[in-house]
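The values are calculated or read from the model by the stated rules, or taken from the named source; none is laboratory data. Since we're looking at a predicted model, the values are computed, not measured. Ideal geometry is used to build each Cβ from the backbone, glycine not excepted, and the neighbour counts take in all protein chains shown.
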């Protein structure tokens, strides 16, 4: 099951096609060159980057996957992941996505 981050991060190229990309993912269609950024699947990573073809496979169907960002092309995905990590460190002083997301949700509830 795919869950969308409320403040979805978008790469510049992906932003131009935001709604089409999201609709394709919801309809389980793979967009060529589209990547998603998610929290890590293991404790060794800060974030994971997957091509959409990967997350639409049967293996992921029964797993909840939070999509934090969408990028068009792998280079844009790397830049977007870097932006997320930079913001995470500036706001939390560490590289723990759970803490960053908790802080972000807390700020949304206050505002």
Practice problem: Can you run down the residue pairs with Cβ atoms below 7 Å, 6 or more apart or on separate chains, where the first is in the stretch 68-96 and at positive phi and touching a residue at least 24 places away in the same chain (Cβ under 8 Å) and the partner is surrounded by fewer than 21 Cβ atoms within 10 Å (Cβ to Cβ) and in a helix (DSSP H, G or I)? | Solution: 73/13
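Please go through the stretch 15-31 and give me each residue that is part of a loop (DSSP other than H, G, I, E, B) and at pLDDT 90 or above, ordered by number. So that I can check it myself, show each step before the final result.
Residues of the stretch 15-31 that are part of a loop (DSSP other than H, G, I, E, B), as a first pass: 17, 27-31.
17, the sole residue that qualifies.
Of all residues in the stretch 42-65 being over 15 Å from residue 32 (Cβ atoms) and at pLDDT 90 or above, which is surrounded by the most Cβ atoms within 10 Å (Cβ to Cβ)? Break it down into steps so the answer makes sense when it comes.
Of the residues in the stretch 42-65, the ones over 15 Å from residue 32 (Cβ atoms) are 42-49, 57-65.
Right, trim to at pLDDT 90 or above and you get 46-49.
Details: 46: 15, 47: 19, 48: 17, 49: 17.
Among those residues, the one meeting the criterion is 47.
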Quiz item: Could you list, in sequence order, the residues of the stretch 31-67 that are in contact (Cβ under 8 Å) with a residue 12 or more places away in the chain and under 16 Å from residue 95 (Cβ atoms)?
Solution: 37, 38, 39, 40, 46, 47, 49
